[in-house]
Amino acid sequence: MSTPRQPRRCSLTSLILAASLLPATASPAGTTDPADAAPDSSLILTGDAEGSVLRSLTVEGENRIKFDFERPELTVDLDPAQAPGLVWGDAKDVLDRTVPDRVGPLLALSVAGLSPYRPQPWLAAFRSGPVARFRPQTGDISHWELAVVDARGEVAREFSGDKVPDEITWDGLNQQGEPATPGLTYSYVFTALDRAGNRKRYVGEGFQVPPFRLETKRGPLLVFSGADVGAGTGASAAPSPLVQEVASWLNRSLGPDTPILITVTAPSAAAAEILGERVRGALVPLLPGDPARVVLRFDVLRGGPDSGSVRVEPAA
């Protein structure tokens, strides 16, 4: 006895998917009824098969559905050398786009180490203010005169008055307003005139002008003797504390582009050149900027100090 064949069951999901894939048809007036049209066999879900392929949709069993999509090939027609934003251009274009950072690397370097151009305020070899003070002891006088004279017998500075002050100060400038020459021996001659007309003259003890500093409109002016530079100053030796203090004052007051003039005075041109090269060779490594901004000038002073004298100032 044969058993009648049972129909294959389909899940509700499969039926809904199959129904959604069926083409929607309308029955306009004067057309054939869609029920009489032949069904599209590519959109029929076969009930007795293990699976069915409906174009891009594959139904495998009752709960497995697979979609296939066709992806077009992607081609990029792009030249990196001509793309906007990637064209380098010439050197000027590159520099205009990226401005070099001149401060960042310097700050990063200053964190790790001390700058060789830092000020050194603890050095105090240069005197600021009077370089000499005179306190003459006199009685009742009507007029007085004081002359500062160097070892060559030339008058460096003169003072006078009717009433003698408690202290007479000399700022180191001569009668022409120029700094005195360090290294020379100076003295003073004090002349007093009393009310009776009697004249008395006193000669003071000799002294030397120490290294001193003057503030001008252009910047600091530093004057010192060649003997104060030190014998160890040179390209291979550490600069003397005096030269370090000169660099400290210049770095605190002047920019790295300001030219600096070193005037060396000595009894002969050869001695002045030797002293000038020693001072310049020790000073240049302590100053920022181009070494060419430090220039030398030599003056010959007959009868001047054998060690010579040095004057450092901003160039005009």
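Looking at segment 163-273, the strands (runs of 3 or more DSSP E) lying wholly inside it that each contain 3 or more residues that are at pLDDT 90 or above sit at 168-170, 185-193, 212-215, 220-225, 260-266. Can you tell me which condition Val284 does not meet? The list is (1) touching a Lys or Arg at 6+ places or on another chain (Cβ under 7 Å); (2) more than 22 Å from Pro179 (Cβ to Cβ); (3) of a type outside the set (Asp, Glu), and all the others hold. Exception for Val284: condition (1). Restricting segment 146-169 to residues that are loosely packed, with under 15 Cβ neighbours inside 10 Å and among the acidic types (Asp, Glu), the residue that is nearest to Pro130 (Cα to Cα) is Glu167. Candidates Val203, Val300: the one that is out of contact with any Cys (no Cβ under 8 Å at 6 or more places or on another chain), β-branched (Val, Ile, Thr), assigned by TED's automatic domain parsing to the domain that holds Pro182 and surrounded by fewer than 20 Cβ atoms within 10 Å (Cβ to Cβ) is Val203. Checking each residue in segment 135-157 for being touching a Gly at 6+ places or on another chain (Cβ under 7 Å) and either in a strand (DSSP E or B) or outside the structural domain of Arg195 (by TED's automatic domain parsing) (or both) picks out only Trp144. When Ser110, Ser160 are checked against the criterion of being farther than 21 Å from Pro211 by Cβ and assigned by TED's automatic domain parsing to the domain that holds Asn198, a single residue qualifies: Ser160. Taken across segment 170-188, residues that are more than 19 Å from Ser128 (Cβ to Cβ) and in contact with a Leu (Cβ under 7 Å, 6 or more places away or on another chain) do occur, with at least one present.
Residues of segment 206-230 that are among the acidic types (Asp, Glu) and either buried (at least 20 other Cβ atoms within 10 Å of the Cβ) or under 17 Å from Leu173 (Cβ atoms) (or both): Glu215 alone.
The values are calculated or read from the model by the stated rules, or taken from the named source; none is laboratory data. Everything quoted here is computed from the prediction, not taken from an experiment. For neighbour counting, all protein chains shown are included, and Cβ atoms are generated from backbone atoms with ideal geometry for every residue, glycine included.
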